[in-house]
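Beneath this line is the structure, given in structure tokens, with notes to follow.
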Amino acid sequence: MAEVTAPPLAHDAMQGIATNIVAPAPVAGIPPMPVAAAPAAASVPPPEEVATETLYIQNLNEKIKIPVLKASLRGLFKSYGEVLDVVAHSNLRMRGQAFVSFENPEIAKKALKEVRGFPLYSKPMQISFAKTRSDAVVKKLDAANYDAHKQRRLDHKKATRYTNPIKRKYRQKRLAADADGAGAVPTSKRPNVQMPDEYLPPNKILFLQNLPETVTKDQLMALFSQYPNLYEVRLIPTKKDIAFVEFLDEASATVAKDALHNYKLDGENKIKITFARK
């Protein structure tokens, strides 16, 4: 699916513009006319967002790899209805943003209301409705016009390719560097960096760290059995400060993780809980 245009930002209307109008001087023998009071400015309520089938999401964690981010967004929104598509890119213009499409605006409206501000990978999501329909929505609801819709989108993308402010700024910077004789310097390929535990996608197995060395399986069972669908607790004999806790489903594991992360099991040290690597 291709990109969808993000909604414009709202701006407050200008109020209270000052004027320099001078009242005319009174004429002898003619009483001055009373001045009518200025009508009070009517307060205009902000326009309500027009619901569409696609949500535009900003402020996403840019350190998360795109496949992981898309899978996390799909898993988060699938409880509201069928997710037709998730669009996210790593390029400069789309970094930290994504689009999630549903089959009707009602589903999207409910998802926006309940998920807006949710801290995905430690960053609260900013969510609004996209201005235009996505390819996936048109293909699902208006298949007869899909080809024409896609061609219009491609034509618009081509027409605005060189007017994009971010790309224009990048080109100007590059031209300035070339003019100064400081052309692009070849850099070595970045090594593959393993994703930190905190950013791993949700799954049904939790990884516990910083446990007291005296902790027992029964203690962990008692702690995590407060939450439904606990399946198994596994200690590591050769490394007593870590353990694995498995639930029957991902949602139950997520609830337990959010509730017990940084819990002081021995009253002193906080246990660290993340999703286990697959």
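The values are calculated or read from the model by the stated rules, or taken from the named source; none is laboratory data. Note that the structure is a prediction, hence the values are computed from the model and not measured. In this analysis, Cβ positions are derived from the backbone assuming ideal geometry, glycine residues included, and neighbour counts consider all displayed protein chains. SASA here: full protein model, heavy atoms, side chains in, ligands and nucleic acids out. Shrake-Rupley method; radii C 1.70, N 1.55, O 1.52, S 1.80 Å.
Annotations for the structure displayed:
- Residue identified as among the small types (Gly, Ala, Ser), within 22 Å of Thr254 (Cβ to Cβ) and at pLDDT below 90 among Ser134, Ser122: Ser122
- When Thr238 is tested against (1) open to solvent by 80 Å² or more (accessible area, probe 1.4 Å); (2) touching a residue at least 24 places away in the same chain (Cβ under 8 Å), exactly one condition is not met: (2).
- Single unsatisfied condition, Ile64 versus (1) closer than 26 Å to Lys204 by Cα; (2) part of a helix (DSSP H, G or I); (3) in contact (Cβ under 8 Å) with a residue 60 or more places away in the chain: (2)
- In the range 254-261 there is no residue that is at pLDDT 90 or above and more than 29 Å from Leu73 (Cβ to Cβ).
- Here the range 241-250 is the region considered, the condition is being open to solvent by less than 50 Å² (accessible area, probe 1.4 Å) and either aliphatic (A, V, I, L, M) or within 32 Å of the chain's Cα centre (by Cα) (or both), and the residue that is farthest from Leu208 (Cα to Cα) is Phe247.
- Residue in the range 142-156 that is open to solvent by 100 Å² or more (accessible area, probe 1.4 Å) and at pLDDT below 80 present: yes
- Within the range 73-99, residues that are farther than 13 Å from Gln58 by Cα sit with their Cβ atoms under 8 Å from residues that are assigned to a helix (DSSP H, G or I) and modelled with pLDDT under 90, at 6+ positions apart or across chains, in these pairs: Leu84/Ala136; Leu84/Val137; Leu84/Lys140; Asp85/Asp135; Asp85/Ala136; Leu92/Ile166; Leu92/Lys167; Leu92/Tyr170.
- Which listed residue is assigned to a helix (DSSP H, G or I), buried (at least 17 other Cβ atoms within 10 Å of the Cβ), of a type in the set (A, V, I, L, M, F, W, C) and at pLDDT 75 or above, from Ala111, Ala176: Ala111
- Taken over the range 251-276, the criterion of being of a type in the set (Lys, Arg), in a strand (DSSP E or B) and surrounded by 15 or more Cβ atoms within 10 Å (Cβ to Cβ) is satisfied by Lys272 alone.
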